[in-house]
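Following: one structure in structure tokens, then a few remarks.
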Amino acid sequence: MTVRRGYPAATVEDYLRAVPEHQRAALSQLRSMLVDLIPGVEEVISYQIPVFKYRGRGLVGMSAAQKHCSLHLMSPRLARAMADQVQEGRMSGATLQFSADAPLSEATVRAIVERRIAEVEQQRG
């Protein structure tokens, strides 16, 4: 049985302060990329993890687990479509898991964010 260790937090800053130091650096780098790439981004804690919203909708999330960090695509359809395209980390469901020692590149994060924004725009009609 896997025990999930959470990091209770009211803000993204609280969350980052609570995660282990080696993961904090990777997640802080990921956060910076997401804030730069998502127009009008809103950062919230949802389901006990940092979630980055675009136009009021959850676009992606990020988290730390015991042995890896995660970028949550929040779209199983997109995760399936990108599974063969993403060369970093490991796709598990709608989550891209990666090592804190091998953070995601800006190119990978950009590709995911751009596709998620397109999905949200398409759903808006």
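Taken together, the values in this text are just the output of simple stated rules run on the coordinates, not laboratory data. The model shown is predicted, which means the values in this text are computed figures rather than measured ones. Positions of Cβ are backbone-derived with ideal geometry, glycine not excepted, and every protein chain shown enters the neighbour counts.
What the table below lists for this structure:
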| quantity | calculated |
| --- | --- |
| Angle in degrees between helix 21-37 and the longest Cα principal axis of the chain, rounded to the nearest 10 | 20 degrees |
| Cα-centre dipole for the chain with unit charges at Cβ (Lys and Arg positive, Asp and Glu negative), debye to 20 | 400 debye |
| Virtual paramagnetic centre 7 Å along Cα→Cβ of R55, amide N under 16 Å, in the range 95-125 | 113-125 |
| Cleavage-rule hits (chymotrypsin sites (Phe, Trp or Tyr not before Pro)) in the range 1-89: DSSP loop, at most 11 neighbouring Cβ within 10 angstrom | Y47 |
| Dimensions (Å) - the range 1-55, Cα atoms, principal axes, largest first | 38, 22, 20 |
| Positive-end residue, the range 21-125 charge dipole about Cα centroid, Cβ charges, pick of G125, A83, L71 | G125 |
| Mean Cβ count within 10 Å, highest first, over the residues of peptides 112-124, 60-72 | 60-72, 112-124 |
| 0 to 90° range, to nearest 10: angle between helix 106-124 axis and the chain longest Cα axis | 50 degrees |
| Estimated D of the range 12-120 in µm² per second, where Rh is the Kirkwood radius over Cα pairs and Stokes-Einstein applies at 25 °C, 0.890 mPa s | 180 µm²/s |
| 15 Å beta-carbon shell around V120, net charge (K/R +1, D/E -1) | +3 |
